[in-house]
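For reference, the structure is listed below as C-alpha cells.
Please treat every number below as a calculation from the coordinates, not as lab data. Please read these numbers as outputs of a predicted model, since none were measured by experiment. For neighbour counting, all protein chains shown are included, and Cβ atoms are generated from backbone atoms with ideal geometry for every residue, glycine included.
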Ligand SMILES: Cc1cc2nc3c(=O)[nH]c(=O)nc-3n(C[C@H](O)[C@H](O)[C@H](O)COP(=O)(O)OP(=O)(O)OC[C@H]3O[C@@H](n4cnc5c(N)ncnc54)[C@H](O)[C@@H]3O)c2cc1C
C-alpha cells in the first residue's frame, strides 16, 4: 500500500491528505500545534463562549472549487452562512459604500459610479466559475477558458491605482481600495488589482461566507472525512527533518518554502534550495480580538450589516498606508480589516456580547504595539467603540509566527503577492509543487493558487503526486 506523511494540518495539508486517502493511500498527518487546522482554528480568546476565528474568517473562494465538488464537507458539519452585506467601506461623516451579493444592488448604491462597477464585476461574476477553474491551478497550463481568463487578466494586470480611476466618488474608490488592499501590495505596483478583482468578483458570485461555529468547522469537517478514508492526524509533532519520517512513498509539506529547505536539507537540489530561499514574504498582520457589548457602532449604518468592514478611509489614504508598510514604516493610520462574523453566525456571541476580529497591515516583523493605532481607526468611523470593548486579545507579528510558523514575520498569506510570485510561486516550474526530491512535495499557500482556506494548493499538490504514481 502506498504511504504518505503530510507535515502540517492547515486546510492545504488536510486537503492533500484527503485527496491522497480517497485514492487508497495510507495517510498520516503530523501537526506541530496542539490543535489541527493551521489557519482555520477558532478559539475563545476573550471571554468564555465567544468564538473568535484566529486567522481565516471569510471563504469566498472555498464555496465552489474542484476540491469542494470532489469532497462534500456538508455531511461532516460544514455549513456556510452569509452576512447580509458582503463587505463595507465606511468613510468620514457617516458616509460609506457596500458590496452586496448582487452587482446591480451594489451598482445602484454607487450612483454615477455604478455603471463602472457593473462593467468590471458584471461579466466576471457571471463567468467566475469558469475563470476560477483556470486561476485555481498553476499558471503554466493551457487554459480551459482562454477568452474569459484573458478578460479577467486584463482587469487584473494594472496597478490598483489605475483600476481605481474608473470611479470618481470616494465611496466607489474606497470600496474597491478596501478589497484591493487584501493583496497587501502598494497600490501603484503591477498586478496589484488582481486580488481585489478576484475577491470582489467572488463577493458577487459566491458571497463572503463564514463557517457556522467558526472556521475551525472547516478543519473538523476535513479531519472527519479524512478519518472515514482511514487517514490519521497526530498533533504536537513538529517535524524538523525528513529523516524523522519512516520513508513514506509521499511526503507533503504544508510549510513555508524556507522551512521546506530546512526539513529536506542536503537532499534538495541546490538550484531549488536557492530559488526557495529567495522566496519573498509580505508585510505582517497585527491582530486584535475584541469582545464588544452590542456591536460596533459604525456611523455608516450599512456597515453594521457587513461580515467584513475595510477600515482605512479614502483610497488615497489606504494607498499611502500600504506604501508605508512596504517601506518598513508603521503608518499612523494603518489599513484595518474588521471581521463581524457574528452578523452571519449569531451562535458565536454570548447574549449581548459579540466577538469582533481585526487586524492591521504592519511592516514585516513589526515589533511595536499597533493596538492603539488599530483601535483609533475603528473609533474614527465608529465613535464610542472603545467604550463598548469589554475584553481584548492581542497577537503581534512575532506571536503570529509563533502561533503558526508558516506566517513568517507575521505574513499571514505565506508569500508576497508581487507580480512574479502571483504567477510563479514558489519558483518558476512546470510543476510548482515538486521540490526536486522524488515523492516530496510542497502543498502550502506558498504554492498555486496561493493564500486562502480553500484547500486548492493541497488538492493540486496531491493530484500531482498521484499522477506521478500513475494512480
Ligand atoms: C489573520 C488572518 C486572516 C486571514 N483571513 C483569511 C480569510 O478571511 N479567508 C481566507 O481564505 N484566508 C484567510 N487567511 C489565510 C489562510 O488562513 C491561509 O492562507 C491558509 O490557512 C493557508 O493554509 P495552509 O494549509 O497552506 O497553511 P496553514 O493554515 O498556515 O497551516 C500550516 C500548518 O502546518 C503546521 N506546521 C508548520 N510547520 C510544521 C512542522 N515543521 N511540523 C509540523 N507541523 C507544521 C502549522 O502549525 C500549521 O498548523 C487569513 C490568515 C490570517 C492569519
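Measuring from centroid to centroid over Cα atoms, what is the spacing of the range 431-471 and the range 1-59 in Å?
What the calculation gives is 16 Å, centre to centre.
Among 90-98, 345-353, how do they line up from the highest to the lowest mean number of other beta-carbon atoms within 10 Å? Walk me through the numbers on the way to the answer.
Details: 90-98: 20.1, 345-353: 15.2.
Ranked from most to least packed, the peptides come out as 90-98, 345-353.
Cα centroid distance between the range 333-349 and the range 144-206, in Å?
23
In Å and whole numbers, how far do the C-alpha atoms of the range 328-471 stretch along each principal axis, longest first?
Principal extents (Cα only, largest first): 61, 38, 25 Å.
For the range 276-339, I need the span (max minus min coordinate) of the C-alpha atoms along each principal axis, in Å, sorted largest to smallest.
46, 26, 18
With the calculation restricted to Cα positions, what are the radius of gyration and Dmax of the range 310-363 in angstrom?
In Å, with Rg to one decimal and Dmax whole: 14.5, 43.
Let me check the size of the chain from its C-alpha atoms; what are the radius of gyration and Dmax in Å?
21.0, 65
What is the mean projected area of the alpha carbon convex hull for the range 54-192, to one decimal in square nanometres? Before the final figure, lay out the partial values.
Working: hull surface 41.4 nm².
That works out to 10.3 nm², a quarter of the Cα hull's surface.
After finding the eigenvalues of the alpha carbon gyration tensor for the range 158-278, what semi-axes result from the square roots of 5 times each, listed largest first in whole Å? Intermediate results must be reported in sequence, preceding the final value.
On the way: eigenvalues 303, 119, 20 Å².
The answer is 39, 24, 10 Å, longest axis first.
Evaluate the Kirkwood expression for the hydrodynamic radius of the range 102-163, namely the inverse of the mean inverse distance over all pairs of different C-alpha atoms, and round to one decimal in Å.
Working: mean 1/r = 0.0783 Å⁻¹.
After inverting the pairwise mean of 1/r, the radius is 12.8 Å.
What's the extension gain from residue 327 to residue 238 if we count 0.36 nm per residue and subtract their Cα-Cα distance? Working shown, then result.
Values: separation 89, 0.36 × 89 = 32.04 nm, distance 3.37 nm.
Answer, rounded to one decimal: 28.7 nm.
Enter the angle in degrees (range 0 to 90, nearest 10) between the Cα long axis of helix 114-135 and the first principal axis of the Cα atoms of the chain, meaning the one along which they spread out most.
10
As I understand it, the value is the acute angle between the Cα axis of helix 170-180 and the longest principal axis of the Cα atoms of the chain; what does it come to in degrees, rounded to 10?
Its long axis makes an angle of about 10 degrees.
Over the range 29-135, how many percent of alpha carbon pairs lie in each 10 Å bin up to the one with the longest distance?
Pair shares across the bins are 11, 28, 33, 21, 7, 0.
Cα axis of helix 315-326 to longest principal axis of the chain: angle in degrees, 0 to 90, nearest 10?
Around 40 degrees separate the two axes.
How much space per residue, in cubic angstrom, does the convex hull of the C-alpha atoms of the range 195-335 take up? Mind dumping the intermediate values first?
On the way: hull volume 31.6 nm³, N = 141.
Per-residue hull volume (Cα only) is 224 Å³.
Given axes a ≥ b ≥ c from the Cα gyration tensor, I'd like to know whether the range 407-471 is rounded (a/c under 1.5), prolate (a/b larger than b/c) or oblate.
Values: a/c = 2.11, a/b = 1.73, b/c = 1.22.
Note, shape of the range 407-471 comes out prolate.
Along Cα→Cβ, 7 Å out, is where each label goes; now give me the distance between the ones at residue 380 and residue 126 in nm to one decimal.
Rounded to a tenth, the inter-label distance reads 3.9 nm.
Which translational diffusion coefficient, to the nearest whole µm²/s, is obtained for the range 185-239 from the Stokes-Einstein equation, given a Kirkwood hydrodynamic radius over C-alpha pairs, 20 °C and 1.002 mPa s?
Numbers: Rh = 14.9 Å.
Estimated diffusion coefficient is 144 µm²/s.
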